[in-house]
Amino acid sequence: MKTIATASAAVRERISHYRFCKDDRGVMAFFMLAMFILMLMFGGIAVDVMRYETRRVALQQTMDRAALASASLKQGLVPKAVFDDYFAKANLGAGVEMVDFATPTVVVDSNSTYRKVEASAKVTSYNFFMHMMDVDTLESVNTTSAQQGVSQIEVMLVLDVSGSMGQTDGSGSTKIAALRASATKFVNTIKNLD
């Protein structure tokens, strides 16, 4: 009796194992594999985008600082030389692999009352992961502009109306009359500059 019970238990166990191996209703392998691949793709995209964004921001901040320094009316150096010096000392490309920084194009417009500096440069980041999706690089053209000027200048006109101005000059008119004519001409000239 023991042998029949033992044999019956062994058969039931084999049938149970067979059914367990053939039952695919709860298989998650394909779903987990697909999710793993998606996580790798999104993680790779995040790595490439953050590498690119870090370099783009570094370039933009350097260009902004350089443009502000170049546009300053207080510095007496050539604005383009100041800009190029800032850019060179930032050392953007040192120790950075798979990123290209193009030399910025700088345009300076200035006169005695203002100075405007505009610049643009390109950053190219070569992707580690996104090139598997046929996106080899991420690129952007960064631009910056800075202007400093002098406006609303106050002008004072100081006139001498003391007793000595009542004297006549060599032409027979008084000094105060010549002063009035000159003051009127000066005020009219300043008004016409607006």
Q.
Report, to one decimal in Å, the Kirkwood hydrodynamic radius for the range 19-121 based on all distinct Cα pairs.
A. 17.6
Q.
If I model a spin label at ASP109 and VAL161 as a point 7 Å from the Cα along the Cα→Cβ vector, what separation in nanometres do I get?
A. 4.4
Q | Distance from the range 138-194 to the range 37-69 (C-alpha centre basis), Å | A | 52
Q. Using Cα atoms only, what is the angle between the long axis of helix 29-71 and the major principal axis of the chain, expressed in degrees (0 to 90) to the nearest 10?
A. 10
Q) Of [x] 257; [y] 232; [z] 141, which one was derived for volume of the Cα convex hull per residue in Å³ from the structure shown? A) [x]
(Q) Angle check, please: helix 175-192 long axis (alpha carbons) against the longest principal axis of the chain (alpha carbons), in degrees 0 to 90, nearest 10. (A) 20
(Q) Helix 2-22 against the longest principal axis of the chain: what's the angle in degrees, Cα atoms only, rounded to the nearest 10? (A) 30
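The numbers here are math on the coordinates, done by the rules we state, and not lab data. Remember, predicted model here, so these are calculated numbers, not experimental data. All Cβ positions, even for glycine, are placed from backbone atoms using ideal geometry, and neighbour counts span all protein chains on display.
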